[in-house]
Amino acid sequence: MDEIFSDPSFDIACEQFRQIADHLAIPGDLRARLMYPKRAITVSVPVRLDDGSTKVFQGYRVQHHLSMGPTKGGTRFAKSVTLGEVAALAMWMSWKCAIAGLPYGGAKGGVRAEPRELSLRELERLSRRYMQEMIPFIGPRTDVMGPDMGTNEQVMAWFMDTYSAHIGHAVPEIVTGKPMSVGGTYGRRESTGRGVVYLIERAANFLKLKLSDRTAVVQGFGNVGSIAAHGLVYKNGMKVIAISDATSAFFNKKGIDIWRAQTHVMEKGDLRGFDGAEPISPETLLTIPCDVLVPAAIGGVIDAPMAEKIQCRILAEAANGPTTAEADAVLNQRQDEIFVLPDILCNAGGVIVSYFEWVQSLQSLFWKETEVMDRLFRILEQSFTAVLKRVKRDGISNRLASLAIAVERVMDARVNRGLFP
Ligand code: NAD
């Protein structure tokens, strides 16, 4: 099984699981049932390009476990996507849903394609064909899709339309992260970034660290990174001194005008040519001394050597899997005690509000933004408090405590349901 999913991200996810399985003394046969995905689907996605030629893209969907309800997870469009990476992300989604107490298993999907290299029409054809290929395997009570890197509200609308055309009536509950006009929820786009900010505030409060005038560095200036940066500056009075995206990185010790950077990205598509800060090498960004470091881009960016070099008080893992297992060991041994907000807790805001969107779509009853945010923060508060309690009780790291709570919940559901036949 390991060979099928062979990928550095899957190795990280499995290593984390093994550590927690040891900690919880989970018996061997139950370990394999909890760790490996229930279903992994690979499809060829043929797409007619604008020049008349046809290109076949590789698409994936992994559903990690089905013990508590439908699976839930985003779809990533990126050239680097592999089945193993998708499987790792699906496993993390399971733990993320469990720690937030959502009635979901984890899933993830992906297509090996670079959306920026496609025209809008090509992107639409790719999105629709991918959804078409997935129809036999998904459903509002089976597996609910959402956005991830490289996909957005528009892609979700195309997914929903393709699925609905197949069923014969509108099925908004098949996807989350869709536009408001087709049943989206208030606050979904901002939910992950705002959740990250809420948890940074809670961590700072726990550490008795006043955030105003403190510094932050944000890697990845997309949906999550830019909204987190916005909240750190405009809600908490922090200085975001460095930001980056896949194209470039920038530093300004006085603090970057985040609104200006967001406007630049809106107008130009990425950070290239941003004139509100000095260009720096992207490799050095994570090592800049700061109070709060927010990796909000891709997985595996903090490996063991990088874990020695980062200089922050709070590491807020907005991205999925930014820290390798070896790096985690380094972080745990460092004398300066970096407070880690592990990814399955730190970026859970997205799936929590996705869950609210699914509930609203199923009921055709829509909530106000204040209600969405209030419920989001209440769930994050409960999850954060439960993690701190577990850290204290078991004397383990924040990451292990988060995983322990999550894995235990999934295990309980599995054990209670028993093994069929
Ligand atoms: P996005 O596509 O909107 O933004 C990603 C950003 O990262 C872009 O600015 C991109 O240029 C940048 N980037 C890519 N490679 C980079 C690199 N090597 N160095 C620096 N920057 C790089 O995606 P997003 O939705 O903001 O997701 C960001 C991360 O957060 C991902 O790991 C995703 O899985 C995770 N996440 C997202 C959500 C959500 O609701 N969007 C929820 C949970 C977790």
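Here residue 315 fulfils each of the conditions (1) open to solvent by 10 Å² or more (accessible area, probe 1.4 Å); (2) in contact with a strand residue (DSSP E or B) (Cβ under 6 Å, 6 or more places away or on another chain) apart from (1). Taking region 291-311 as the range and being assigned to a loop (DSSP other than H, G, I, E, B), within 16 Å of the ligand (Cβ to nearest atom) and not small (Gly, Ala, Ser) as the test, the residues that pass are 298, 301, 303, 310. When region 141-179 is filtered for residues that are assigned to a helix (DSSP H, G or I), within 16 Å of the ligand (Cβ to nearest atom) and among the charged types (D, E, K, R), only 153 remains.
The single condition among (1) under 24 Å from residue 227 (Cα atoms); (2) without any contact (Cβ under 8 Å) to a residue 60 or more places away in the chain; (3) open to solvent by 30 Å² or more (accessible area, probe 1.4 Å) that residue 336 does not meet is (1).
So for region 250-266 (the condition being near the ligand (Cβ under 9 Å from one of its atoms) and touching a Lys or Arg at 6+ places or on another chain (Cβ under 6 Å)), does at least one residue qualify?
Within region 250-266 (the criterion being near the ligand (Cβ under 9 Å from one of its atoms) and touching a Lys or Arg at 6+ places or on another chain (Cβ under 6 Å)), the answer is no, since none of the residues qualifies.
Any idea which residue in region 312-326 is nearest to residue 148 (Cα to Cα), counting only those that are more than 10 Å from the ligand (Cβ to nearest atom) and in a loop (DSSP other than H, G, I, E, B)? Filtering first and then ranking leaves 324.
Can you tell which of 216, 204 is in a strand (DSSP E or B), open to solvent by less than 40 Å² (accessible area, probe 1.4 Å) and over 30 Å from residue 109 (Cβ atoms)?
On the way: 204 fails: in a strand (DSSP E or B).
Testing whether each residue is in a strand (DSSP E or B), open to solvent by less than 40 Å² (accessible area, probe 1.4 Å) and over 30 Å from residue 109 (Cβ atoms) leaves just 216.
For the condition among the hydrophobic types (A, V, I, L, M, F, W, C), under 20 Å from residue 65 (Cβ atoms) and under 22 Å from the mean Cα position of the chain (by Cα), what is the one hit in 410, 372, 340, 353?
Numbers: 372 fails: under 20 Å from residue 65 (Cβ atoms); 340 fails: under 20 Å from residue 65 (Cβ atoms); 353 fails: under 20 Å from residue 65 (Cβ atoms).
Matching residue, one of 410, 372, 340, 353: 410.
For every residue, the table says whether it meets (1) touching a residue at least 12 places away in the same chain (Cβ under 8 Å); (2) surrounded by 19 or more Cβ atoms within 10 Å (Cβ to Cβ); (3) under 23 Å from residue 120 (Cα atoms); (4) among the acidic types (Asp, Glu).
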site	(1), (2), (3), (4)
6	yes, no, no, no
26	yes, yes, no, no
50	yes, no, yes, yes
69	yes, no, no, no
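So which residues in region 55-67 are among the basic types (Lys, Arg) and either surrounded by fewer than 24 Cβ atoms within 10 Å (Cβ to Cβ) or within 21 Å of residue 420 (Cβ to Cβ) (or both)? Correct list: 55 only.
Here is a check on your reading of the model: is residue 275 acidic (Asp, Glu), surrounded by fewer than 22 Cβ atoms within 10 Å (Cβ to Cβ) and either within 14 Å of the ligand (Cβ to nearest atom) or in a strand (DSSP E or B) (or both)?
Working: acidic (Asp, Glu): yes; surrounded by fewer than 22 Cβ atoms within 10 Å (Cβ to Cβ): yes; either within 14 Å of the ligand (Cβ to nearest atom) or in a strand (DSSP E or B) (or both): no.
The answer is no for residue 275.
Among the residues making up region 137-162, a single one is over 22 Å from the mean Cα position of the chain (by Cα) and open to solvent by less than 20 Å² (accessible area, probe 1.4 Å): 162. When region 250-271 is filtered for residues that are out of contact with any helix residue (DSSP H, G or I) (no Cβ under 9 Å at 6 or more places or on another chain) and either open to solvent by 60 Å² or more (accessible area, probe 1.4 Å) or of a type in the set (Lys, Arg) (or both), the ones remaining, listed by number, are 253, 254, 260, 266, 267, 268. Checking each residue in region 28-48 for being open to solvent by less than 30 Å² (accessible area, probe 1.4 Å) and among the β-branched types (Val, Ile, Thr) picks out 41, 43, 45, 47. State all residues of region 163-179 that are surrounded by 21 or more Cβ atoms within 10 Å (Cβ to Cβ) and either of a type in the set (Lys, Arg) or free of Cβ contacts under 8 Å to residues at least 40 places away in the same chain (or both); if no residue qualifies, say none. The answer is 163, 174, 175, 178.
Of the residues that sit in region 106-120 and are open to solvent by less than 30 Å² (accessible area, probe 1.4 Å) and among the hydrophobic types (A, V, I, L, M, F, W, C), which one is nearest to the chain's Cα centre (by Cα)? Reasoning before the result, please.
We begin by selecting, within region 106-120, every residue open to solvent by less than 30 Å² (accessible area, probe 1.4 Å); these are 106-111, 113, 115.
Next cut, among the hydrophobic types (A, V, I, L, M, F, W, C) only: 107, 111, 113.
Details: 107: 12, 111: 16, 113: 19 Å.
Residue satisfying both the conditions and the ranking: 107.
Looking at this structure, is residue 192 within 30 Å of residue 142 (Cβ to Cβ), hydroxyl-bearing (Ser, Thr, Tyr) and within 16 Å of the ligand (Cβ to nearest atom)? Here the answer is yes, as residue 192 does meet what is asked.
Residues that are surrounded by fewer than 23 Cβ atoms within 10 Å (Cβ to Cβ) and either free of Cβ contacts under 8 Å to residues at least 60 places away in the same chain or among the acidic types (Asp, Glu) (or both) number at least 1 in the following helices (runs of 4 or more DSSP H) confined to region 341-421: 349-363, 369-394, 398-417.
The values are calculated or read from the model by the stated rules, or taken from the named source; none is laboratory data. Predicted, not measured: the structure shown is a model, and the values here were computed from it. Note that each Cβ is placed from the backbone with ideal geometry, even for glycine, and that neighbours are counted across all protein chains shown. Just so you know, the surface numbers come from the protein's heavy atoms only, side chains and all, with ligands and any DNA or RNA stripped out. Shrake-Rupley method; radii C 1.70, N 1.55, O 1.52, S 1.80 Å.
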